[in-house]
Structure formats: C-alpha cells, structure tokens
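Colleague: The structure under discussion is supplied below as structure tokens; questions concerning it will follow.
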Amino acid sequence: MQETVYRDASGRKIDTKAERAEAAQRSARGGARVEEMEWGKGIVQREEEEQHRRELERQRTKDVARYRTTKS
C-alpha cells in the first residue's frame, strides 16, 4: 500500500505532517493573539458592545403583531 503524495501548484511535494503541525502551532498562537486583543479594548468599547447586545436581546423578545386589528 502506497502513501498519497500531495503537491503544490508548482509541483513540489508537500509534507502533510509538517503542514498539520505548523497549522496547529499557528492556531495556538492565534488563540493567544485573540486574548491579547481582548485586553487591548477600551472600557467604552466594551460598554457599547454590551449595550448593543442588551438592545438586540430586548428587540428579540419584543412582541410583534401578527395580524391586522379591526375597529369594532
């Protein structure tokens, strides 16, 4: 049984094990980057984001008229 050989656009062989390891390493670094960016936000931006979430939740739970009212 032979192993599948993967090649890039120029025809060079791609080492899939090394690619997976590199992708895992990038994602691990990316997760730390997201946390780092979260700490970089200001207080005002966080409050505005929270206020926006509350407004969306309020709108979501609001009653909506589903029929036309008639005058009697």
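The values are calculated or read from the model by the stated rules, or taken from the named source; none is laboratory data. Not measured: the values here are computed from a predicted model. Reconstructed Cβ throughout: ideal geometry from the backbone, glycine too, with neighbour counts over all protein chains shown. Each accessible area value is taken on the protein alone, full model and side chains, heavy atoms only, with ligands, DNA and RNA left out. Shrake-Rupley method; radii C 1.70, N 1.55, O 1.52, S 1.80 Å.
Colleague: What are the ³J(HN,Hα) couplings of the range 56-62, residue after residue, when phi is run through the Karplus curve with 6.51, -1.76, 1.60 and θ = phi - 60°? Round to Hz, x for glycine and proline.
Modeller: Couplings: 5, 5, 5, 5, 5, 8, 5 Hz.
Colleague: What FRET efficiency would be calculated for the residue pair A28, Y6, taking the C-beta separation as r and a Förster radius of 22 Å, to the nearest 0.05?
Modeller: Calculated value: 0.40.
Colleague: Whenever you get a sec, line up D8, D63 from highest to lowest accessible area (probe 1.4 Å, protein heavy atoms).
Modeller: My answer, sorted largest first, is D63, D8.
Colleague: Right, something else. Any lysines with Cα under 20 Å of the K71 Cα? List them, leaving off those in the same chain fewer than 8 positions away.
Modeller: Filter leaves no residues.
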